[in-house]
Amino acid sequence: MIKKVILLSVLFFASPVYAQTASEYTLKVSSKISNQGSGKPPGFSEYKEYPTRALNTLIGYQPNDKIKLDKYGGRMDMHGKFTGFYHVEKLNGRWWSIDPDGYCFIHKGMNNVVMSRSGNAKDGFDNQFSGSKDWAVKTTEMLENLGFNGLGAWSSVEDFKSLPAAIRPMAYTVSMDFMGSYGRKKGAYQQSGHLGYPDDAIFVFDKEFEAYCDTYAKQLAKNKNDKNLYGYFSDNELPFYRKTLDNFLSKKDTTDIGYLSARKWLQEHHISRDSINDIYRNQFLGFVAERYFSQVAKAIKKYDPNHMYIGCRFNGYPKSVPEVLKAAGKYLDAVSINYYNQWTPQVADMQHWGEWAGKPFLITEWYTKGEDSGMGNFAGAGWVVKTQDDRGLFYQNFTLGLMESVNCVGWHWFKYQDNDPANKNVDPSNTDANKGILDIHYKSYTPLTNKMKELNDQAYSLIDFFDKRNKTQ
């Protein structure tokens, strides 16, 4: 449900940029969230209206349809260094992805682009596709028609590596599992959306972990000459929690290397256990992050020096900790953020990520679910709205905020297809939820995808508009 509203000039944004554009937020979209994980009985919060803007509410914006694109989807009127591979550069104050031919590029990706042929999805697949190759070709054509140019995490990238030459290649990402695969041998277990670790403490201090990373990364050598590879995720949503220091110190086995490393850190910093506070916790968390990223980056770059290391998809607490971002920035080419619980990207967040890391960021998970899909929508962290049109407005509102930031080099929507309620053999966060741009029968949610296309096709024009406007303010 959308209603026109009159907004005060101050709205709720403290940033000068948003304060001066508050009159663009002339829509309200009703949304609610699941009580999952809140300790409350199963259900949802009450619907609440959120100020929203869209393409048609921007003041003074005129599309520029003269920007030509190269075969990768980069803009041919702006270029950085030609390296033959995707990389990032800061040009005139804005960070850009640079495509293999040297042109400026925004990575507009789709997560979890995989074939589903089980349960309810089988008939839909068989009616539309003759097999995996046909699916890959038609899916690429569909995504490109919607203005997407990349494959995000957990996509079946091998299916897209041998497409006909006439089809524009998708910039794909590879999801690795450095800590996850190591940790499973030592008790790591599946939680909703990510792995859990014993004592909520990753095995980053294990003497064997560095050698494990080296062995595990050898498989990346086969990718080092692939121009279509955008970059590597090393893990997903590692538990860089506020009480990580406490967790290491609370290990029952006082001979454990994690416990000993945490105790040694306290001693070296002349901190007593009784005096631990959040300042010390964040400092230690930065130490843990430094240890993790340094070992993983060394292994990745040893076997594939040509491609980007784009992080471990921060979620929740770590994205607000300067020490973690600073440690990550030493070793990452770009920082990946799974950004939930914000209807509109917060200006302060985006500024901090760039300042703390000294690198650009990508938003690598975000979505909303539609009540009109008829699905339960309890699973997962995304918002619930009433209609697919509302989902499209959320997409436009969110990406407009991202493009205003000079630190953002792309975004990946979660995800390609809805969860099949009949498929119980999945991550608990991926059951019976309307996260996809397609339903389980491979039918498009047209009100959503129309708004995605409208925005995606104008991404470069919109960035120019925001940059020009912000320079005059």
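Listing for the model above:
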| read-out | value |
| --- | --- |
| Of the criteria (1) of a type outside the set (S, T, N, Q); (2) without any contact (Cβ under 8 Å) to a residue 24 or more places away in the chain; (3) surrounded by 13 or more Cβ atoms within 10 Å (Cβ to Cβ), which one I67 fails | (2) |
| Residue check, G311 touching a strand residue (DSSP E or B) at 6+ places or on another chain (Cβ under 9 Å), at positive phi and of a type in the set (G, A, S) | yes |
| Qualifying residue in the range 56-71 (condition: out of contact with any helix residue (DSSP H, G or I) (no Cβ under 8 Å at 6 or more places or on another chain) and under 30 Å from G358 (Cβ atoms)) | yes |
| Selection from the range 76-89 of residues that are surrounded by fewer than 16 Cβ atoms within 10 Å (Cβ to Cβ) and not in a loop (DSSP other than H, G, I, E, B) | M76, D77 |
| Residue tally, condition within 27 Å of the chain's Cα centre (by Cα) and in a loop (DSSP other than H, G, I, E, B), over the range 47-62 | 4 |
| One residue from Y367, Y442 being crowded, with 17+ Cβ neighbours inside 10 Å, within 18 Å of the chain's Cα centre (by Cα) and not hydrophobic (A, V, I, L, M, F, W, C) | Y367 |
| Subset of the range 298-321 [more than 26 Å from Y340 (Cβ to Cβ), touching a helix residue (DSSP H, G or I) at 6+ places or on another chain (Cβ under 9 Å) and not charged (D, E, K, R)] | A299, I300, Y303, N306, H307 |
| Conditions (1) under 30 Å from K435 (Cα atoms); (2) among the small types (G, A, S); (3) in a helix (DSSP H, G or I): number failed by A327 | (1) |
| Qualifying residue in the range 260-278 (condition: of a type outside the set (V, I, T), crowded, with 20+ Cβ neighbours inside 10 Å and closer than 30 Å to V88 by Cα) | no |
| Qualifying position, being under 20 Å from V409 (Cβ atoms), of a type in the set (G, A, S) and either over 25 Å from the mean Cα position of the chain (by Cα) or assigned to a loop (DSSP other than H, G, I, E, B) (or both), among G73, G39, G109 | G73 |
| Positions within the range 381-426 being buried (at least 24 other Cβ atoms within 10 Å of the Cβ), farther than 22 Å from S31 by Cα, of a type outside the set (A, V, I, L, M) and touching a Ser or Thr at 6+ places or on another chain (Cβ under 8 Å), in sequence order | G410 |
| Cross-chain or 6+ apart pairs with Cβ under 8 Å, the range 365-386 first and touching a residue at least 12 places away in the same chain (Cβ under 8 Å), then assigned to a helix (DSSP H, G or I) and of a type in the set (K, R) | T368/R391; K369/R391; G370/R391; V385/R391 |
| Residue match in the range 242-253 (condition: part of a strand (DSSP E or B) and either in contact (Cβ under 8 Å) with a residue 60 or more places away in the chain or exposed (fewer than 15 other Cβ atoms within 10 Å of the Cβ) (or both)) | no |
| Test: residue in the range 328-347 that is among the small types (G, A, S) and either on the phi > 0 side of the Ramachandran plot or without any contact (Cβ under 8 Å) to a residue 24 or more places away in the chain (or both) | no |
| The range 440-473: number of residues that are in a loop (DSSP other than H, G, I, E, B) and touching a Gly at 6+ places or on another chain (Cβ under 8 Å) | 6 |
| The range 133-192, residues that are hydrophobic (A, V, I, L, M, F, W, C), surrounded by 16 or more Cβ atoms within 10 Å (Cβ to Cβ) and modelled with pLDDT under 95 | L163, A188 |
| Qualifying residue in the range 114-130 (condition: crowded, with 16+ Cβ neighbours inside 10 Å, on the phi > 0 side of the Ramachandran plot, of a type outside the set (A, V, I, L, M) and in contact (Cβ under 8 Å) with a residue 40 or more places away in the chain) | no |
| Some residue of the range 448-469 being without any contact (Cβ under 8 Å) to a residue 40 or more places away in the chain and farther than 21 Å from F233 by Cβ | yes |
| Pairs with Cβ under 8 Å, 6+ apart, first in the range 410-423 and small (G, A, S), second surrounded by 21 or more Cβ atoms within 10 Å (Cβ to Cβ) and assigned to a loop (DSSP other than H, G, I, E, B) | G410/I106 |
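The values are calculated or read from the model by the stated rules, or taken from the named source; none is laboratory data. Please read all numbers here as calculations on a predicted model, not as lab measurements. All Cβ positions, glycine included, derive from the backbone under ideal geometry; neighbour counts span all protein chains shown.
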